[in-house]
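**Student:** Below are the C-alpha cells for one structure; questions will follow.
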Amino acid sequence: MYNVTGGSDPAACDETDRDSLQAHEDICKIMRIRISWLMVAFIALSMSTVYAQSEPLPKKLIKFGWDTPLPDYLLANITMMEQHPFDGINIGLHVGPKVFTHSPYPDDAFAQDRADLAATTFTRFTDNFLIMWAGTAEQDWAFANDSDWAAAEANIRNFAATAVAGGMRGIALDPEPYDFSAWWYNRDRYLGLEFEQAQALVRERGIRFMSIIQESIPDARVLLLFGPAKVRSELEARGFGLRDSPWALYGAFVEGLILGANDTSRLIDGNEWSYYYTNAQQFVDSRAYINDSIHALADDPTLRARYDPVVEIGQAVYVDAVLNLRGNPDHIGYHLASDEQRLQMLEHNVYYALLNSDEYVWITSEQANWWEDDVAYGDAAIASAREKVATGAPLGFDVDVFVQAALSGDGS
C-alpha cells in the first residue's frame, strides 16, 4: 500500500490518508475500466484491419496486344478507348520496349511521351502498365558486363519515371526471348563465371532492377507475363537442368525481383499458359501450380518467406485463339462450330480467369486492333463475364459439351 511518505503499513495511515487512499483506489478502478475498453476497441480495430486486408481484391481486366497504344495516340483517343470494358491498358513508348541495350536511350527521348501521358485524363482506365521487354536484349548484351548493366539501369529508371508521369500502376514485364535471349548462359559471355556464379550475379541484378522501379513507384505492380511457374515448367521439361535453356537465368532474375520487392509492391505471375485453356478446371489447377512453383526456385529461407506475401496470381485470355482470328488449327476457336460458340467460349474464359486470379487478368490480341477495327471483338461477352463475377452470379451456361465435340472432330 502506498502513501506520500513512502510507508507501506496501512495501520500507520491516519483518516486523511485513508480518504486519500480510497480516492486513489477509485481513480485506479476508473482507469482500469477505461484501459479495458480501450483494449477492446484496439483489438476490434485490429481485427477489422486484418479482415479488410484479407478481403479479395477487386478483379481488373487489362488490355494487351499488338494494338498497344503509344502516348500521343492515347492523348488523342482516350475517350473512345474508354468505351471498351477494360480497367486498364498496356502502354508503349516511342523508344520501344527493350531495356537491355548496350547504350542507354537519351533522357530527352522520353520527354514528349511524358508530356502526352501527363496531359491524358484517364477515367475508366485506372490500372495501366508500361511495357518492358526483359527477355529480348540487344545482340551479345550480358548481365555480367558492367557497361551493359549501367545502360540498363538508366533505361529502367527512365521507363519507371515515365510510368509515373502517366499515373500508371506499374510495369508489364515480358520475359520471352523473341530474338537474342537475355537469359542465355555461356562461360565466355559471363567472363568465365560458372553457371551457379552467373545465377548469383543475375539474382543481384534482379534485386537492383526491382529497387530502381520502386524508387519511382514505391508500391509497384510488376506483371510478369510468364512468372515463377515458367521457371518450374522449364525445369520439368528439361529434367531439372536449365543450363542450356534459352531461359537459363530467368529463374535467378525472378528470385531477385522477389527479394527486392518491398512490403507494398507485388509481382504478378501472369500465367501466359492460360492462353490455351478450354475448361474451368485448368484455371483452378493453375493456382495450385503457381503457388507451388516456389519449389522450383532457390532453396533460400529468405526467398521462400517472401514468396507468398509478394507473388500474386494473374491469368490471361488470348482472344485470337478463342475467336479463331488466326485460322490456326492448334487453337480451340478453329474447331468451334459457330461464332456464337466462340463468343460463349470468350465469356467462359474471361469469367474463370477472373475467378481464379488474385486481381489482374490480361486480355491480349494480335490480329484484332481493338481501337481501330470496326468490329466489336467480344466486348459484350467480356462485359457480361466481369459483371457476373462482380455480382457473384454463375456463368449460366456450359461450354464443355461443344468443346468436347470440337476437340473430337464432331463440332456440329
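**Student:** Consider Gln214 carefully, then state whether it is without any contact (Cβ under 8 Å) to a residue 24 or more places away in the chain, in the same structural domain as Thr123 (by TED's automatic domain parsing) and part of a helix (DSSP H, G or I). Write out each step before concluding.
**Tutor:** Numbers: without any contact (Cβ under 8 Å) to a residue 24 or more places away in the chain: no; in the same structural domain as Thr123 (by TED's automatic domain parsing): yes; part of a helix (DSSP H, G or I): yes.
Criteria not met by Gln214.
A quick yes/no check of all residues on (1) in contact with a Phe, Trp or Tyr (Cβ under 8 Å, 6 or more places away or on another chain); (2) not basic (Lys, Arg):
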position	(1), (2)
Ser147	no, yes
Ile156	yes, yes
Asp174	yes, yes
Trp184	no, yes
Gly192	no, yes
Gln197	yes, yes
Ala200	no, yes
Pro218	no, yes
Lys230	yes, no
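**Student:** Limited to segment 362-376, what total is found for residues that are under 25 Å from the mean Cα position of the chain (by Cα) and more than 16 Å from Tyr275 (Cα to Cα)?
**Tutor:** Total satisfying the criteria: 3.
**Student:** Mind checking which residues of segment 314-341 are crowded, with 22+ Cβ neighbours inside 10 Å, of a type outside the set (A, V, I, L, M, F, W, C) and closer than 18 Å to Gln367 by Cβ?
**Tutor:** Residues satisfying the conditions are Tyr318, Gly333.
**Student:** Is it the case that some residue within segment 154-172 is basic (Lys, Arg), touching a residue at least 40 places away in the same chain (Cβ under 8 Å) and surrounded by fewer than 21 Cβ atoms within 10 Å (Cβ to Cβ)?
**Tutor:** Yes, that holds for at least one residue.
**Student:** Another one. Of (1) surrounded by 14 or more Cβ atoms within 10 Å (Cβ to Cβ); (2) within 23 Å of the chain's Cα centre (by Cα); (3) assigned to a loop (DSSP other than H, G, I, E, B), Gly96 satisfies all except one. Which?
**Tutor:** (1)
**Student:** Would you check which residues across segment 143-153 are within 18 Å of Gly251 (Cα to Cα) and crowded, with 24+ Cβ neighbours inside 10 Å and list them?
**Tutor:** Phe143
**Student:** Using the structure shown, decide if Asp400 is surrounded by fewer than 19 Cβ atoms within 10 Å (Cβ to Cβ) and under 21 Å from Phe125 (Cα atoms).
**Tutor:** The answer is no for Asp400.
**Student:** Here is a list of conditions, (1) under 22 Å from Val399 (Cα atoms); (2) in contact (Cβ under 8 Å) with a residue 60 or more places away in the chain; (3) in contact with a strand residue (DSSP E or B) (Cβ under 7 Å, 6 or more places away or on another chain), and Asp320 meets all of them except one; can you say which number that is?
**Tutor:** (2)
**Student:** Scan segment 299-339 for residues that are part of a loop (DSSP other than H, G, I, E, B) and touching a His at 6+ places or on another chain (Cβ under 7 Å) and jot them down.
**Tutor:** Asn324
The values are calculated or read from the model by the stated rules, or taken from the named source; none is laboratory data. Just so it is clear, the model here is predicted, and its values are computed rather than measured. Backbone-built Cβ (ideal geometry, glycine too); neighbour counts: all protein chains shown.
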